[in-house]
Amino acid sequence: MGEERLKLSERLRALAELVPAGSVLADIGTDHAWVPAELLLKGRISRAVAMDIGEGPLARAEAHIAELGLTEQVSLRLSDGFAALKPGEADCVLIAGMGGELMQGILTRGLGADGRPGPAFRVGVKRYLFSPHTEWEAFRSYLSAQGFRLTDERMLKEDGKYYLILVCENGDGEAAYLEAEARGIPVTAARHFGPLLLERRDTVLRDYMNERLRKEQEIAERLPESQRTAVSAKREELRESIRLLKECLAHFEE
């Protein structure tokens with residue numbers, strides 16, 4: 001079984017490779033349960049909990065898992081986020097394939113009654129893997145405020161789209177940003193583009209920023225000359241974004 005491999009996308013394979021060997025994985029929003037299946041077939045993990053809020057996705061996951069002969073190793077649950085996960089049941093949590101705002105909502109509903117990290121899902125979790133499709137900056141800020149310490153981050157491009165992976169653990173959510181700031185990377189830049197990606201001058205991030213810079217410059221050039229408040233606000237927003245992009249790209253040339 002350890003030699004079998006599924007035809008995963010590059011993004012899902014990157015996520016699977018970041019799951020520590022021997023973990024009990026909780027896959028939130030599992031859909032076909034691709035990542036748990038890959039890890040079980042390779043023998044990297046022996047158990048997983050796969051959850052989804054939709055009956056359709058869960059049925060697909062059930063059929064997929066059964067076809068692969070993994071039914072005894074995967075606990076499939078209909079669940080709104082972490083609702084069906086018992087405290088301490090998993091030590092690695094994966095949430096991917098959705099927007100940052102939706103992820104934030106899932107995490108918030110799993111927090112303690114006082115709004116701080118509670119026992120509902122964080123007891124015993126050693127690693128969190130997040131791959132938000134959108135709202136990257138806001139999601140980073142949320143993780144920092146809620147005590148998710150950023151320990152690694154990856155960026156990749158697949159089928160013309162850029163994907164972000166954030167690896168976290170329980171701890172000081174500001175640590176990675178303060179450490180980057182001490183090395184000369186402003187917190188604003190780190191929130192936008194990632195303290196660890198910027199520190200190691202990630203080439204995929206560089207390509208992403210160059211593409212974004214070109215697009216925003218084109219938009220700025222097409223903006224009409226107008227004193228209307230909305231147009232002026234958009235022009236200022238673009239001006240600040242272009243300034244930040246140029247500042248971060250200059251870091252790659254140092």
With R₀ set to 30 angstrom, the calculated FRET efficiency between the beta-carbons of GLU17 and PHE252, to the nearest 0.05, is 0.70
For the chain, whose charge dipole is built from +1 on Lys and Arg Cβ atoms and -1 on Asp and Glu Cβ atoms, the candidate among GLY110, PRO87, ALA230 with its Cα farthest towards the positive end is ALA230
Per the rule of 0.36 nm per residue minus the C-alpha distance, extending ASN210 to ARG239 adds in nm 8.9 nm
Probe 1.4 Å, all chains present, heavy atoms only: THR30 accessible area in Å², nearest 10, is 10
Cα-based Rg and Dmax for the chain, in Å, come out at 20.0, 66
Counting lysine pairs in the chain that sit 8 or more positions apart or on different chains, with Cα atoms under 15 Å apart, gives 4
Expressed in nanometres to one decimal, the distance between label points 7 Å along Cα→Cβ at ALA83 and LEU8 is 2.8
For the pair SER141 and ILE53, the simple spin-label estimate (label points 7 Å beyond Cα toward Cβ) gives in nm 2.3
Of all DSSP beta bridges with both partners in the chain, the antiparallel percent, nearest 5, is 40
Those helices of the chain passing the 15 Å axial Cα length cut-off and the mean Kyte-Doolittle cut-off of -1.0 (DSSP H runs only) are 55-67, 229-252
Evaluated at 10 °C and 1.306 mPa s, the Stokes-Einstein D of the stretch 1-57 based on the Kirkwood radius over Cα pairs, in µm²/s, stands at 138
About its Cα centre, the stretch 1-99 carries a charge dipole, from +1 on Lys and Arg Cβ atoms and -1 on Asp and Glu Cβ atoms, whose size in debye to the nearest 20 is 180
Of the residues TYR128, ALA145, ALA175, the Cα lying farthest along the dipole of the stretch 91-232 towards its positive end, which is defined by charges on the beta carbon of Lys, Arg, Asp and Glu, belongs to TYR128
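The values are calculated or read from the model by the stated rules, or taken from the named source; none is laboratory data. All values derive from a computational prediction rather than experimental measurement. Neighbour counts run over all protein chains shown; Cβ positions are idealised from the backbone, glycine included. When the accessible area is computed, the model is the full protein with side chains, heavy atoms only, and any ligands, DNA or RNA have been set aside. Shrake-Rupley method; radii C 1.70, N 1.55, O 1.52, S 1.80 Å.
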